[in-house]
């Protein structure tokens, strides 16, 4: 049985989610990121909300605005890291090396795909270990790794079959 607080929160979420989602969606590049940030808004609301008053739209949107800012800063740091890694690889192996192509392909992947490939190849983890890191079943980790390899293969330039074969992609 749900408590009064839980029922009130469900009502707030039902009434306010469309407003929050639209606000976020107009400010980020993908539906996936907008859904994640909108969910985070309500996580914050759940943590900070007291039952005395119903949260106002302005408070919800200010939380969303702060989370959007955090997401942009995180993305900028991640892009700077990818650029630094690519520059280091290009300096070490040459601009036309297959290593640079791998860096470029990895940078174009979704974060989830990049993460699982890094766990498998950089950290040399097996599927059972990857599953523990990602907190999912081993079969889910295998499926995610398979999909990430396929996405990686699509991002690699033509003629890079040796690299994708070594990765099992």
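Rule-based calculations on the coordinates, nothing more; no lab input. Since the model is a prediction, treat every value here as computed from it, not as a measurement. As a convention, Cβ positions derive from the backbone with ideal geometry for all residues, glycine included, and neighbour counts pool all protein chains shown.
Take each of the peptides 25-33, 40-48, average the number of other beta-carbon atoms within 10 Å over its residues, and list them starting from the highest. Could you put the intermediate results ahead of the total?
Numbers: 25-33: 13.3, 40-48: 15.6.
With the highest mean Cβ count within 10 Å placed first, the list reads 40-48, 25-33.
Would you calculate the convex hull of the Cα atoms in the chain and tell me its volume per residue in Å³?
Details: hull volume 24.7 nm³, N = 169.
Spread over its residues, the Cα hull of the chain gives 146 Å³ apiece.
Could you let me know the centre-to-centre spacing of segment 76-93 and segment 4-31, using Cα atoms, in angstrom?
Spelled out, the Cα-based centre of one part sits 37 Å from the other.
So if the hydrodynamic radius of segment 4-73 is defined as the Kirkwood radius over C-alpha pairs, what does Stokes-Einstein give as its diffusion coefficient at 4 °C and 1.567 mPa s, in µm² per second? If you can, show how the numbers build up before the last one.
Working: Rh = 12.2 Å.
Once the numbers are plugged in, D ends up at 107 µm²/s.
For every helix of n ≥ 4 consecutive DSSP H residues, a contribution of -39,500 (n - 2.57) applies; sum these over the chain, divide by its total residues, and give [θ] at 222 nm rounded to the nearest 500 deg cm²/dmol. Mind showing how you got there, number by number?
Working: 8 runs with 127 residues, N = 169.
That comes out to -25000 deg cm²/dmol.
Quick one: give the max-minus-min coordinate of the C-alpha atoms of segment 110-166 along each principal axis, largest first, in Å.
That gives 35, 18, 17 Å along the principal axes, largest extent first.
Taking the mean number of other Cβ atoms within 10 Å as a proxy for protection, how do you rank 109-119, 64-74 from highest to lowest? Don't skip to the answer; put the middle values down first.
Values: 109-119: 17.1, 64-74: 15.0.
Ranking, from highest mean packing down: 109-119, 64-74.
So how much slack lies between residue 110 and residue 77, counting 0.36 nm per residue of separation and subtracting their Cα-Cα distance, in nm? Could the numbers behind the result be given before it?
Numbers: separation 33, 0.36 × 33 = 11.88 nm, distance 1.56 nm.
So the extension gain works out to 10.3 nm.
Suppose R0 equals 22 Å; then what is the FRET efficiency for residue 14 and residue 70 from their Cβ-Cβ distance, rounded to the nearest 0.05? Before the final figure, lay out each step's value.
On the way: r = 25 Å, r/R0 = 1.16.
Efficiency for this residue pair is about 0.30.
Which FRET efficiency, nearest 0.05, do residue 118 and residue 54 yield, Cβ-Cβ r, R0 41 Å? Display every interim value, and only then the final one.
Details: r = 43 Å, r/R0 = 1.06.
FRET efficiency, residue 118 to residue 54: 0.40.
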